[in-house]
Amino acid sequence: MKKAQAGFGVPLALGVIVAMVILGVVYSFITQSATEVQVAVKGPITMTETEVTVTNEKVTTSSGAASLARQDIVSLSFFGNNSINTTAPEYNITIHVNWTKAGDIVVDNDFFADGEYNSTYIYKTGTTGTLGNADVLTLTFFGNGTINTTVTGIALTAEVNFTNAGVVTVASYNFSKGSYLADYTYNPEGYVTSSTTRTLLNLIPVILAILVLMFIVGFMAMNKK
């Protein structure tokens, strides 16, 4: 009876060893593919701005007001026409010609009668940055100690947007270029997208543990006299 048990234990132990080696190799390979969504807390991101100069854009004032074709205005350097314009020392931007970041122009009608004028200005096309990881799933916080998405009136998706590639675009009205922090979740490189596959991968350590137990039983059977 003991010989029979020992005879049974040898092939069992050898089979378990082979299975463990195979599973170990497979697990070593597949663990390079992540199975857990990652969370980045206060991940750094640098935002940059792109500025564009518009030269001699035509606008028509009505009751001393006009609107530029763009918003996010950075500066207005010229307003006027061949007869009257802000290059003359007596006509001053901010005194005789006012502008807003939203692109509104208000002029002093005592000097600039209603009509067609040219405007030269600089505007921002957007404030953008790239997170440290791609395959981004959610963005739950963006900002710094002064201005961020916990402040009333600054909302995710409205003033702060992101793409799956990790590109963040913010409203230039609230955020300027510089360093910020972001909380977000992302799939790590090599992430296994199939939920079924992820479940099976997570079971491999359990299977290996069972095989180890079987190996111990087989080893004990081989050495049992």
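The values are calculated or read from the model by the stated rules, or taken from the named source; none is laboratory data. In this text the structure is predicted, and so the values were computed from the model without any measurement. A quick note on method: Cβ atoms are made from the backbone with ideal geometry, for glycine too, and the neighbour counts reach across all protein chains shown.
Observations
- Within segment 76-94, being under 17 Å from residue 64 (Cα atoms) and either touching a strand residue (DSSP E or B) at 6+ places or on another chain (Cβ under 7 Å) or of a type in the set (Lys, Arg) (or both) holds for 76, 78, 79, 80, 81, 85, 86, 91, 93.
Residues checked against (1) part of a strand (DSSP E or B); (2) at pLDDT below 95; (3) exposed (fewer than 12 other Cβ atoms within 10 Å of the Cβ):
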| site | (1), (2), (3) |
| --- | --- |
| 105 | yes, no, no |
| 110 | no, yes, yes |
| 114 | no, no, no |
| 120 | yes, no, no |
| 125 | yes, yes, no |
| 133 | no, yes, no |
| 137 | yes, yes, no |
| 142 | yes, no, no |
| 151 | no, yes, no |
